[in-house]
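These notes concern the structure reproduced below.
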Amino acid sequence: MENIENILQKIKDTRLKKGFSHENMALELGISQGAYTNIEKNNSKLSVDRLIRISEILEKPIYHFFESNPNNIFKQTIEPNSVGYQQHTLQNLYQDNKEIYEKLENNYKDIINLLKEENAFLRNKLK
């Protein structure tokens with residue numbers, strides 16, 4: 001499990017590699033430079049929504065900021081009578097992941113639609 005300090009350090013490292021300042025990130029996020037600085041310094045909470053937006057700005061998938069990678073697959077079987085089996089917990093985890101996936105999917109669809117509109121606009125300008 002990744003701790004928040006490691007995630008924030010990876011965000012900072014990625015930001016610096018991209019050449020983005022705190023001001024750039026704050027502007028893209030629609031917050032003040034001080035508010036963004038507080039996020040990176042762990043003086044204010046990093047929400048999932050904000051992490052999603054940061055990953056979009058830095059053009060990195062969410063898993064980039066975690067040690068785990070979606071390509072790391074572990075085979076695990078869960079039986080109803082096994083130790084630690086809790087159907088409601090698994091269902092909640094599934095639902096949370098489904099909601100995040102749907103939000104990411106909708107964000108990407110919105111970006112694709114915006115790019116299509118921009119492309120159409122630019123083509124009309126060239127005519």
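For the stretch 23-48, how many residues meet the condition of being assigned to a helix (DSSP H, G or I) and touching a residue at least 40 places away in the same chain (Cβ under 8 Å)?
Final tally of qualifying residues: 1.
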Those residues of the stretch 89-122 which are farther than 20 Å from Pro61 by Cα, loosely packed, with under 11 Cβ neighbours inside 10 Å and at pLDDT below 85 amount to Thr89, Gln91, Gln95
Only one of Glu56, Glu40, Glu28, Glu23 is farther than 29 Å from Glu102 by Cβ and either at pLDDT 85 or above or touching a Leu at 6+ places or on another chain (Cβ under 9 Å) (or both), namely Glu23
Which residue pairs have Cβ atoms under 9 Å apart, sit 6 or more places apart or on different chains, and have a first residue in the stretch 106-127 that is within 22 Å of Asp49 (Cβ to Cβ) and a second that is surrounded by 10 or more Cβ atoms within 10 Å (Cβ to Cβ) and basic (Lys, Arg)?
-> Asn107/Arg53
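The values are calculated or read from the model by the stated rules, or taken from the named source; none is laboratory data. As the structure is a prediction and not an experimental result, all values here were calculated from the model. Because the Cβ atoms are built from the backbone with ideal geometry, glycine has one as well, and the counts that use them run over all protein chains shown.
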